[in-house]
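Asker: Just dropping this structure here.
The values are calculated or read from the model by the stated rules, or taken from the named source; none is laboratory data. Predicted model, so just to flag it, every value in this text is computed and none were measured. For neighbour counting, all protein chains shown are included, and Cβ atoms are generated from backbone atoms with ideal geometry for every residue, glycine included.
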Amino acid sequence: TPNISRRPIRQLDAAAANRIAAGEVVERPASAVKELVENAIDAGARRVDVAYADGGKRLIRVEDDGHGIPADELPLALQRHATSKIDGSDLVNILTFGFRGEALPSLGAVGRLTVTSRARGASEAVCLGVRGGNAEPPRPAALARGTVVELEGLFTATPARLKFLRSDRAEAQAIGETLRRLAMAAPGVAFTLTDRSDPDSPREILRLDAESGDLFDALGNRLRALLGPDFLANALRIDAEREGVALTGYAALPTYSRGSAVTQHLFVNGRPVRDKLLLGALRAAYADLLSRDRHPAAALFVDLDPEQVDVNVHPAKAEVRFRDPGLVRGLVVGGLRQALAGAGHRASSTVGG
Ligand code: ADP
Ligand code: MG
């Protein structure tokens, strides 16, 4: 047997605990952007401006006009398991993106983090830096409203993790995809994305105006801005309901199918997911209408009582667990087939199915 010398059990300090948690929360620049933009949306922002340099490795900056963080709470926001979004008694009725209280402390563990915020009604803004995993004392700052979070030198203190990142170009691409997916879930929020790799000539990658109007109008306009006019011109409105579970969105006609799955956008209670059950249901709905190498394009939103779904499965929350998977699958397959049949695309073997 190997010679294992046992050491005494010790409680890890906060910095070590944050570094470990960061491994799950922050895999690459796009995951940092996801956490920060989700925080901005959770804060009721109407506009969110995202910037990065060198694929997010040198700088990630997210600015919002949301409700901000009161000066006396800012140090707490950087502590693990500190959140304003749940009180711990109810892990079920979660309607915000965040609730684990892990993003900011994790980001502070993997780069130089600076948070500047001005709470609504506060007379001045306050700024707090985290250096080497340790928070500096808060200091007064200049900011008209909302919150600015800057993350510099991601993973420079952990070269092993830095090595796993892809090219600046590939990381920038992933940031763009992450932002587009979140922007789909929040058509009422304006977004910009800017590449600031060259400080003398910032490059605007994306600009989305805030959309208004009813759900379908706002979503339709946002989808047109994100996916191009072709998708919407070839898409059916999906609006179905079964036992309190709602399915809304747009799904493309089979003739608009694509050779890759990148145009499949699925959301559960407003949260972007890549859920096997939903992807399978989408595929099944089109099964007789598409050859196996074609993928249906769709942006679909499943909304249900938070008690009927567990989003607390994975830190990145890409997967969910439905209490009644059969109901959700039936709704998606049925809702899509009905819309497709209405447009003259009836699957031969599944009439009435
Ligand atoms: P979580 O989002 O799970 O609560 P975070 O670590 O992401 O955890 O954030 C901790 C807390 O900091 C949040 O609960 C929120 O109160 C506050 N916060 C973070 N980002 C923002 C923001 N952009 N605007 C307002 N408050 C924020
Ligand atoms: Mg968060």
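Asker: Can you name every residue in the range 210-220 that is buried (at least 18 other Cβ atoms within 10 Å of the Cβ) and either of a type in the set (F, W, Y) or more than 12 Å from L300 (Cα to Cα) (or both)?
Answerer: Correct list: E211 only.
Asker: Checking Y250 against (1) modelled with pLDDT of 95 or more; (2) more than 21 Å from the chain's Cα centre (by Cα); (3) of a type in the set (F, W, Y), which single condition isn't satisfied?
Answerer: Condition (2) is where Y250 drops out.
Asker: Of the conditions (1) surrounded by 22 or more Cβ atoms within 10 Å (Cβ to Cβ); (2) outside any loop (DSSP other than H, G, I, E, B), R61 clears all except one; give me its number.
Answerer: (1)
Asker: Name the helices (runs of 4 or more DSSP H) wholly within the range 168-234 that hold at least 1 residues that are not assigned by TED's automatic domain parsing to the domain that holds G344?
Answerer: 168-185, 215-227
Asker: Still on this structure, please answer the following. Given the options A122, A71, A53, name the one that is within 27 Å of R196 (Cα to Cα) and small (G, A, S).
Answerer: Residue meeting the stated conditions: A53.
Asker: Scan the range 53-89 for residues that are touching a Leu at 6+ places or on another chain (Cβ under 7 Å) and within 16 Å of ligand 2 (Cβ to nearest atom) and jot them down.
Answerer: Listed by number, the residues that qualify are I60, V62, L74, A77, L78, A82.
Asker: Tell me yes or no: at least one residue of the range 159-172 is touching a strand residue (DSSP E or B) at 6+ places or on another chain (Cβ under 7 Å) and either farther than 25 Å from V268 by Cα or modelled with pLDDT of 95 or more (or both). Spell out the reasoning first.
Answerer: Initially, the range 159-172 is screened for residues touching a strand residue (DSSP E or B) at 6+ places or on another chain (Cβ under 7 Å), giving 172.
Of the ones still in play, those that are also either farther than 25 Å from V268 by Cα or modelled with pLDDT of 95 or more (or both) are 172.
Taking every residue of the range 159-172 in turn, at least one turns out to be touching a strand residue (DSSP E or B) at 6+ places or on another chain (Cβ under 7 Å) and either farther than 25 Å from V268 by Cα or modelled with pLDDT of 95 or more (or both).
Asker: Now a separate question. Would a scan of the range 104-112 turn up a residue that is over 28 Å from F155 (Cα atoms) and more than 9 Å from ligand 1 (Cβ to nearest atom)?
Answerer: Checked the range 104-112: no residue is over 28 Å from F155 (Cα atoms) and more than 9 Å from ligand 1 (Cβ to nearest atom).
Asker: Every residue in the range 217-239 that is under 21 Å from the mean Cα position of the chain (by Cα) and more than 25 Å from G55 (Cβ to Cβ), please.
Answerer: A218, L219, G220, N221, R222, L223, R224
Asker: May I pose another question? For the range 229-236, check the following and say yes or no: at least one residue is modelled with pLDDT under 95 and under 20 Å from T178 (Cβ atoms).
Answerer: yes
Asker: If I ask for residues that are of a type outside the set (G, A, S), farther than 16 Å from A53 by Cα and buried (at least 17 other Cβ atoms within 10 Å of the Cβ), which ones from the range 179-207 would you list?
Answerer: Within the range 179-207, R180, R181, L182, M184, P187, V189, F191 qualify.
Asker: Does any residue of the range 24-44 turn out to be within 20 Å of the chain's Cα centre (by Cα), within 11 Å of ligand 1 (Cβ to nearest atom) and assigned to a loop (DSSP other than H, G, I, E, B)?
Answerer: Yes, the range 24-44 contains at least one residue that is within 20 Å of the chain's Cα centre (by Cα), within 11 Å of ligand 1 (Cβ to nearest atom) and assigned to a loop (DSSP other than H, G, I, E, B).
Asker: Let me ask something else about it. Search the range 1-23 for residues that are in contact (Cβ under 8 Å) with a residue 40 or more places away in the chain and assigned by TED's automatic domain parsing to the domain that holds F155 and pair each with any residue that is part of a helix (DSSP H, G or I) and of a type in the set (S, T, N, Q) when their beta-carbon atoms are under 7 Å apart and the residues are at least 6 apart or on different chains.
Answerer: What qualifies is N18/S106; A21/S106; A22/S106.
Asker: Next question, about the same structure. Which members of the range 1-43 meet the condition of being of a type in the set (A, V, I, L, M), within 13 Å of ligand 2 (Cβ to nearest atom) and farther than 19 Å from V130 by Cβ?
Answerer: The answer is V37, I41, A43.
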